[in-house]
Amino acid sequence: MHDQQQHQDFHAAIEACDDRILNPQGLPDNPGRRQIIKGGLTLSMLALLAPGLSACQRQANAKTNKLLGFQSVEAQTSHSFDSVIVPPGYRAEAFFSWGDPVLAQAPQWRADASEDWQAQLLQAGDNHDGMHFFPFADEPDNHGLLVINHEYINPTLHPNGPSEYLRDDGSRQRPLQEVLKEQAAHGISIIELRRDADGRWQRVFGDFNRRISSLTPMRISGPLAGDLRLCTASDPTGLEVIGTLNNCAMGVTPWGTYLACEENFHNYFVNRDRTDHAQRAEHQRYGIAAGSSSRYYAWESVDPRFDATPIPQQPHQGHVNEPNRFGWVVEIDPFDPISTPRKLTAMGRLGRECAVCSLSEDGRMAFYSGDDARGEYVWKFVPDGRHDPLDPTASRDLLDSGTLYAARFDANGRGQWLALHHGDGPLIAANGFPDQQAVLLNARGAADLLGATPMDRPEWVAVNPLNRDVYVSLTNNHLRGSEFALDAANPRPNNLHGQILRWSEDGADPTALNFDWELFLLAGDAPGAVDAGGHPVAEELVGTIEGDCFSSPDGLAFDADGRLWIQTDADDEAPHTYNIGCNQLLCADPVSREVKRFLVGPWGAEITGITWSPDYRTLWVNVQHPGISYPASDGQSRPRSTTVMITREDGGVIGT
Ligand code: FEO
Ligand code: CA
Ligand code: CA
Ligand code: CA
């Protein structure tokens, strides 16, 4: 039915986007950076110190850990593994798959994927990613809204994969109906859930259900609203943009809104004027394609908004500014189904993975984010105002003004937040920053000048509710040590397995300007692990995990008890994941650092997106782009990205 090889090639192409062009300045040459991690231990010394590690194929050590009360599951290294496994006593069920009805009038999904874009607009989008359960106040444990990002599309969206042909000029031509279906399959689903009398969650078709897509009108708010640099031929006001793209991870505000983040938006645009592209920082620094076509989708062949080539002598005509209208945090009120989503320009334009809130007792806040490309930065945004829980509607505009910071991780274990203030230091007109709007639009370029630390692809951030320590997953970077200099926070050459780093803001204050940081773990194989040929794996593939091994941490979240849940996005076809296999959900104790594997997903899939019911007795995670035929909610064989629901057979709290 579908072409497995084509599926894998397409996905690999998107995930392996060459980020070298995204860091054209290269790396700051900082002689203070040393190949150490905190305390002066070298990588190999740390590996030796990691005690009692088991091989990946075996279960975690038998040490009893009160926090991690489940029996860990084994890694799955077979290419034909096509299921989800969870610990004994747990149940995992496919719950909400691509094509499932979101709105009551949606047609049933067809196993041949023959439905049109209008049907797709009523159904679940593709590639489920970050998500959050918002409870209703009157019945929080039994009634809520599940809000789910749909990051991008798989070739299986179309009956026989995407079709295109080459034009004489070398550009690609796509059929309009396919492009519209792809745009409809992006965005966000909002679905109402209710526990029935038997205690089972049911999807409800009420007034709150909603699909937001790449075709949904949104408002631009904050300092760039109405700015000339956001004006296009289709929106001369610079106030309204059509659609959101590549919504990866997310955040939740203390006032109950959802923050969908726009990650790899650059893949959707092209600037055919290479000379213009080279000098237009908001294209070049963000990886917009220069040449005949956008990187993957070629939507520009039928939708001129995605052709960002300037029109000579008419700088604000055409769509040269359209890429400036993506890369933002999008705020959505799930409880107001007719509300207009807002793109929040004060928070800065990034390849934005997430926007995770840390809130202090007195209402001060930070929203943390990764910018997921090789050599990009860790960020936080501190609103000017404070949140007052007694007056939540007064918080509605808090994300429209504040300070954006990029992180510098120093080798001595201290770190500093570098403010992106126009007029301070190098952020002046002579360097391409004539005003604060220019700083927000090219936040990456501004952070380059400030000397932020280029990281190994920063993904999700999570805040420990017990002490406000902040964790970030640095998923991997095979160019570390070659194109990117080694440093204390990114200490591993040819970093194929990634690491998790954590910091404590001074005074546990989310708005602090300085912090203490350390590496929480380096992912990878256990000491003594061997490769497919029976030879010891290379030193740089050995991690410091105490417990079950994994590669390429991505999703991160804490539950209320302070368990750190870790989701992985490794290339399960790659030789270096020979011992680790399929992607997984693991659980870590932040104090002992013990890690136990809780779930393994089907071959070819990423495990991403995590949320709980308020009583923590139901856990939802997403299986994104399963590679074979993982049974979705209808049991049919075409692989479908799916939200999986996990409960305990005894109804207990997950993980205990
Ligand atoms: Fe869409 Fe960085 O993961
Ligand atoms: Ca991710
Ligand atoms: Ca990833
Ligand atoms: Ca992904």
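Throughout, read-outs are computed from the coordinates displayed, never taken from laboratory work. Predicted model, so just to flag it, every value in this text is computed and none were measured. Note: ideal-geometry Cβ built from the backbone for every residue, glycine included; neighbour counts use all protein chains shown.
Numerical summary
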| read-out | value |
| --- | --- |
| Given charges at beta-carbon only (K, R positive; D, E negative), |dipole| of the chain in Debye | 500 |
| Kirkwood estimate for the range 490-577, i.e. one over the average of 1/r between Cα atoms, Å | 14.7 |
| Those GluC sites (Glu not before Pro) in the range 569-656 that DSSP places in a loop and that have at most 14 other beta carbons within 10 Å | 573, 649 |
| Share of alpha-carbon pairs per 5 Å distance bin for the range 290-365, given as whole % | 3, 12, 14, 16, 18, 15, 8, 6, 4, 3, 1 |
| Tail beyond 14 Å, pair distance distribution of the range 154-209 (Cα, percent) | 70 |
| Qualifying GluC sites (Glu not before Pro) for the range 351-404 [loop in DSSP, other Cβ within 10 Å: at most 10] | 361 |
| Bins of 10 Å, starting at 0 and running to the largest distance - Cα pair percent for the range 353-488 | 12, 37, 35, 14, 2, 0 |
| When the convex hull of its Cα atoms is projected in every direction, mean area for the range 180-280 (nm²) | 9.9 |
| Alpha-carbon spread of the chain, three principal axes, descending order, Å | 69, 60, 58 |
| Pairwise centroid distance, computed over Cα atoms, of the range 462-532 with the range 258-327, Å | 32 |
| Computed over the range 399-459, the ratio Rg/Rh where both radii use C-alpha atoms and Rh is Kirkwood | 0.99 |
| P(r) histogram, all alpha-carbon pairs of the range 440-524 included - 10 Å bins from 0, percent | 17, 42, 35, 6 |
| Helical segments meeting 15 Å axial Cα length and Kyte-Doolittle -0.5 threshold in the chain (DSSP H) | none |
| Selection from 449, 340, 359, by position along the positive dipole direction of the chain (Cβ) | 449 |
| The chain - mean residue ellipticity at 222 nm from DSSP helices (-39,500 (n - 2.57) per run, n ≥ 4, rounded to 500) | -2000 deg cm²/dmol |
| Taking 537, 621, 653, 102 and counting other C-beta atoms within 10 Å, the order from fewest to most | 653, 537, 102, 621 |
| Largest to smallest principal axis extent of the C-alpha atoms in the range 498-656, angstrom | 53, 47, 30 |
| Global form of the range 273-414, assessed from the alpha-carbon gyration tensor, a/c cut-off 1.5 | oblate |
| Order of 212, 311, 338 under a 10 Å beta carbon neighbour criterion, fewest first | 338, 311, 212 |
